[in-house]
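Notes follow once the structure below has been shown.
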Amino acid sequence: MAWVDKKYTLYKSENFEEYMKALGVGFFLRKIGNNVSPTVFLVKKGDWYEFHTESTFKTTILKFKLGEEFEEETMDGRVVKTTMTLDGNTLNQVQKTDKKSTISREFSDTECKVICTYGDVVSTRWYKV
Ligand code: DKA
């Protein structure tokens, strides 16, 4: 996994406004969400992983073991039960909510493609090293 520890920064985003609206994110936070370019990276510490999201708005670190449910506080302040799994170079984040709620991140050496799904709303976001 050559992409572990590598930092990826957002450079393109599609339909993120609609995705945030579907999640119930309010107007001002959506403006911030649309204007920040977060940097993300995964750290591996034995069986434990940390997924870091850094931005001028907020920095979050998700600490988890693959396949084990944990409590996540999302960037917009919701608290959900989340499970992370790794399928090849794709890190899949499944959040237990009233609708299907997933964030998949497919890493290559130079890019990370993120697909955020909530119900039938999908946003695709592209990050690069
Ligand atoms: C990403 O990693 C997207 C993560 C989803 C964030 C949901 C809510 C953000 C509200 C500011 O690119």
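Brief remarks on what is shown
- Any chance Glu71 is within 12 Å of the chain's Cα centre (by Cα) and among the charged types (D, E, K, R): no
- The selection criterion, being under 23 Å from Thr110 (Cα atoms), exposed (fewer than 15 other Cβ atoms within 10 Å of the Cβ) and not hydroxyl-bearing (Ser, Thr, Tyr), holds for Val4.
- Selection of first residues in the stretch 21-47 that are free of Cβ contacts under 8 Å to residues at least 60 places away in the same chain and of second residues that are open to solvent by 70 Å² or more (accessible area, probe 1.4 Å) and within 10 Å of the ligand (Cβ to nearest atom), restricted to Cβ pairs under 6 Å at least 6 apart or on distinct chains, gives the following pairs, ordered by first then second residue: Ile32/Phe57; Val36/Phe57.
- Within the stretch 74-129, being in contact (Cβ under 8 Å) with a residue 24 or more places away in the chain, within 12 Å of the ligand (Cβ to nearest atom), open to solvent by 20 Å² or more (accessible area, probe 1.4 Å) and under 15 Å from Lys7 (Cα atoms) holds for Arg105, Trp126.
- Filter result for Thr9 (among the hydroxyl-bearing types (Ser, Thr, Tyr), open to solvent by less than 60 Å² (accessible area, probe 1.4 Å) and closer than 14 Å to Val114 by Cα): yes
- Filtered residues of the stretch 20-29 (kept if crowded, with 18+ Cβ neighbours inside 10 Å and either assigned to a helix (DSSP H, G or I) or among the basic types (Lys, Arg) (or both)): Met20, Ala22, Leu23
- Lys6, sole failed condition from (1) out of contact with any Gly (no Cβ under 7 Å at 6 or more places or on another chain); (2) within 11 Å of the ligand (Cβ to nearest atom): (2)
- Residue selected from the stretch 32-54 under the condition surrounded by 13 or more Cβ atoms within 10 Å (Cβ to Cβ) and part of a helix (DSSP H, G or I), by the criterion nearest to the ligand (Cβ to nearest atom): Gly33
The values are calculated or read from the model by the stated rules, or taken from the named source; none is laboratory data. Quick caveat, the model's predicted, so the values are computed rather than measured. Here the Cβ is made from the backbone with ideal geometry for all residues, glycine too, and neighbour counts use every protein chain on show. To get the accessible areas, we keep the full protein, side chains included, count just its heavy atoms, and leave off ligands, DNA and RNA. Shrake-Rupley method; radii C 1.70, N 1.55, O 1.52, S 1.80 Å.
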